[in-house]
Amino acid sequence: MDTGERKEQREDLRERIVEAARDIVGEQGLDALSMRALGVRIGYSPATIYLHFRDKDEILRGVMEEGFKRLGMTMERELSTLGPEATALDRYAMAGRAYAKFALENTGYFRAMFKMPRVANMDMCPEPVDGGIDSPEGARDHGVEMVRRAIEAGEMNAASAERAAAIGWAVMHGLTSLYLSGHLSDQVTSHEEFMELIDSAIETLGTGWKPRSGKG
């Protein structure tokens, strides 16, 4: 086996370890993750896992980095479908759809990312790049900036970009979490119907944030 093949096998095993950690955290919570549990999941000894990662924290960092990388890619993909005539509010609405799509396409990462306490999220991820969606803080700041632009363009009536962004995130995240956990099964029976529900939620938020004309 040459050096290239060994490197490829090593990278493949690292990826399997991160995916196994994602699944354990997503299914059972952070406390269930251990080197032993990972070894059982992928069929390797804990000693082998230690050859690839220093400790559990480094593995969790890999889960967080991959999750936010995928979230960023989904956001970029969906936003790229908008034409040059798209408004700031259009872009914010599409970001909400992208968030839901990310969860549907990467359910394991979605569950794992948000089962970790906020302090753990901040510790696990690298420093956010300006404008990037590569960490919890980066994703939050990106949303706030989109809302701020909509307010400045006169497309949205909100006293605080930070609070409006928090409300928007709560609605998207709440509906997505309820759907993935089966609590909306009486109203939503498919991913397509769920995305229609997301569109309705976005439209409702947009109506509430619509600038008022005149007084009284």
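Derivation of every value follows stated rules applied to the coordinates shown; laboratory data play no part. Remember, it's a predicted structure, so these values are computed and weren't measured experimentally. Every residue, glycine as well, gets a Cβ built from its backbone with ideal geometry; the counts of neighbours run over all protein chains shown.
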Measuring from label point to label point, each 7 Å out along Cα→Cβ, what is the Arg140 to Ile167 span in nm? 1.9 nm
Can you list which of the trypsin sites (Lys or Arg not before Pro) found in segment 5-90 are DSSP loop residues with at most 10 other C-beta atoms within 10 Å? Arg54
Rounded to the nearest 0.05, what FRET efficiency do Ala37 and Thr107 give with R0 = 22 Å and r taken as the Cβ-Cβ distance? Could you check? 0.65
Charge context of Gly39, other residues only, Cβ under 15 angstrom, K/R +1, D/E -1: +2
Which value does Rg/Rh take for segment 60-208 over its C-alpha atoms, Rh per Kirkwood? 0.95
Sequence gap at least 6, Cα distance under 8 Å: using those rules, report the relative contact order of segment 60-208 to the nearest whole percent. 26 percent
Kyte-Doolittle mean at least -1.0 and Cα extent at least 27 Å along the axis: which DSSP H helices of the chain qualify? 56-79, 161-180
Counting only other residues whose beta carbon sits under 13 Å from that of Ala20, what net charge do I get with K and R as +1, D and E as -1? 0
Please give the length that would be gained between Thr207 and Thr87 if that part of the chain were fully extended, namely 0.36 nm times their separation in residues minus their C-alpha to C-alpha distance (nm, one decimal). 41.7 nm
If each part is reduced to its alpha-carbon centroid, segment 63-87 and segment 144-202 end up apart, in Å, by 16 Å
